[in-house]
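Quick notes on the structure that follows.
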Amino acid sequence: MLPSLVRASHAPLRRLISSFSSPRALSPRLPYVISSGGAGSLPPLILPLCAFSSPSRDSACGSSRGAQRGMGFCARAVDVSDEAPSTSAAAGYDLSAPYLSVRIRCLKQDAEVLSEALLCFGATSVTVDDIADAGNLDEISITSIYADGEDVNSSVSSAASSAGLNYSPVYEISVGKQCDWVATMQETYEPTEVADGLWVVPKWGTPPDPQATNIIINPGLAFGAGEHPTTKLCLHFLLEVIKGGEHVLDYGTGTGVLGIAALKMGAAVATGIDIDPQAIISASENLLLNGLHPNQMPVYLVSTSAQPSSLPNPVDESGENKLINNLDLESSRGTYDVVAANILLNPLLELVEDIVGYAKAGGIVAVSGILVEQVPKVKQIYSTYLDSILVSEMDGWACLQGTRRV
Amino acid sequence: MAATLKDAAARKPVLATIRLIVPAGAARPAPPVGPALGFYRLNLMAFCKDFNARTQKYKADTPMQVTLTAYKDSTFEFVVKSPSVSWFLKKAAGIETASSRPGHSNISSLTLRHVYEIAKLKQADPFCKHMSLEALCKSIIGTANSMGIEIVKDL
């Protein structure tokens, strides 16, 4: 259903505007309570009743990154020629960064239209609880999240009038910190038995079978906690091909789960590479959690550019170490016995030469992170480089493997 | 864990409906996904992986509209729709923000052809398949008017 942004009439809009500009005329149904939830670094958000210009923009300039991320989608959306890579991949992650959470009450019948309107006017997400509120059963609560520094008041009022509401919804703004939801997210992971005698266990969990091969993972903000079908498909692949002593490349290592698993299965060396700094942090931590030495599993941050270069990346920021690391990585091209790349369709297609190039002649390459319906495209591109292609599937996801042509 | 299609038929008790705008192929455990899904203890990583894989066919970073249904048993499903009509209009008109005084001052103009092209794109959306092109066009024109974009026959 398309959101109808046509205002039913102009009258309600004018009424809202006039009530904002004169505090005395302010509708008594529009009180706002501002509570600053645990964000010690922010001064309390005090919004004068007649404000349109939000002082929160001035005072809460703490996380410009947060605001940038919120606005980033809008800005990027309009600039057709903008091919800049996602800024979140380059920047580190600020766990104390605040965001705004707004709890709005409205009539049940208006919830959907208002939700869509809020998204059009700057909210980054809108959630409608189905938990019935104790009080008025005709009303419902919507929680809307905004990037820090957004002008919530004008957004809500614009959304309300755009949705054709003939009343001003009551709302309450609170400030949350990123670490709040990160902590909650961590709690969702449980030990997973990937195969007979092979478990992936979150850092804080106890291995249900101490005798089995247990891979300990602190998922953090990287991908690869063991429960996803693609991770399982790749782990099954490794179980099949690792006989002992191999050099393995985990292309797009995430938490490092595949590299660590390969080492536990008997590989000699596993190298992990990723474009996401979070992954490097996560993989480095996880290899230590599993009693491995960084020499057994070097981890490199690589650039997002698709073209492999024989020279180290000249725009490397962190100086010497990175250059030396990249030299090591470059010189390891064409030497790996096993390459596993669990990423996404488009990078797999663009980077086929890079991925296959790391494998030695006759080495085995497996790619995943693809849906079953995407297999034909992958097969078509990879069959130029790989022989004996095999596809395995699980829950709608697929893994394709083959041997590098000599 | 993400629910599969076969659960769609089952009437599972719903905990919440979450709407977000996420750039195609670029979902990350960060805002807006993080706070919205993390609060309900949904598997963020699985959502990101799934969403990114399913939006590979769109131009990278296109802001897709996502509606997630979180069930009380911690599973979830989601539907991906094309960007909002207002986004298409802004892109077509080459503007960043809609007019602050629609109906009084128009900031840009588009032709019926633009409207038609947008309608065709929208018709591919799961929820718009039943609407006729004419109905879609009328709705788009309405949205354009509310944004201060004038629709003319020819530019």
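The values are calculated or read from the model by the stated rules, or taken from the named source; none is laboratory data. It should be emphasised that the depicted structure is a prediction, and the values quoted were computed from it without experimental measurement. Every residue, glycine as well, gets a Cβ built from its backbone with ideal geometry; the counts of neighbours run over all protein chains shown. Ligands, DNA and RNA are stripped out before the accessible areas are found, and what is left, the full protein with its side chains, is counted by its heavy atoms. Shrake-Rupley method; radii C 1.70, N 1.55, O 1.52, S 1.80 Å.
Sub-6 Å Cβ pairs linking a first residue in the range A:178-192 that is more than 9 Å from chain B (Cβ to nearest Cβ) to a second residue that is modelled with pLDDT of 75 or more, at least 6 apart or interchain, are A:191/A:199; A:191/A:201; A:191/A:205; A:191/A:208; A:192/A:200; A:192/A:226; A:192/A:227, ordered by first then second residue. For the residues B:58, B:40, the requirement of being more than 23 Å from residue A:230 (Cα to Cα) and either facing chain A (nearest Cβ under 8 Å) or part of a loop (DSSP other than H, G, I, E, B) (or both) singles out B:40. Kindly check whether there is at least one residue in the range A:123-143 that is outside any loop (DSSP other than H, G, I, E, B) and modelled with pLDDT under 50. Looking for residues that are outside any loop (DSSP other than H, G, I, E, B) and modelled with pLDDT under 50, one finds none in the range A:123-143, hence no.
So, residue A:246, is that one farther than 18 Å from residue A:359 by Cα, acidic (Asp, Glu) and open to solvent by 10 Å² or more (accessible area, probe 1.4 Å) or not?
No.
Candidates are the residues of the range A:245-261 that are assigned to a loop (DSSP other than H, G, I, E, B) and touching a residue at least 24 places away in the same chain (Cβ under 8 Å); the one that is farthest from residue A:280 (Cα to Cα) is A:246. Taking residue B:70 as the residue in question, decide whether it is more than 7 Å from chain A (Cβ to nearest Cβ) and open to solvent by less than 10 Å² (accessible area, probe 1.4 Å). When the stated conditions are applied, residue B:70 passes them. Taking the range B:73-101 as the search range and keeping residues that are open to solvent by less than 20 Å² (accessible area, probe 1.4 Å), outside any helix (DSSP H, G or I) and at pLDDT below 85, which one is nearest to the other protein chains (Cβ to nearest Cβ)? Here the residue is B:84. Is it true that residue A:88 is open to solvent by less than 60 Å² (accessible area, probe 1.4 Å), under 18 Å from the mean Cα position of the chain (by Cα) and modelled with pLDDT under 80? The answer is yes for residue A:88.
Listed by position, the helices (runs of 4 or more DSSP H) inside the range A:275-369 whose residues that are modelled with pLDDT of 90 or more, under 28 Å from residue A:379 (Cβ atoms) and of a type in the set (A, V, I, L, M) number at least 2 are A:345-350, A:352-358.
Look at residue B:123 and say whether it is surrounded by 15 or more Cβ atoms within 10 Å (Cβ to Cβ) and at pLDDT below 85. Spelling it out, residue B:123 is indeed surrounded by 15 or more Cβ atoms within 10 Å (Cβ to Cβ) and at pLDDT below 85.
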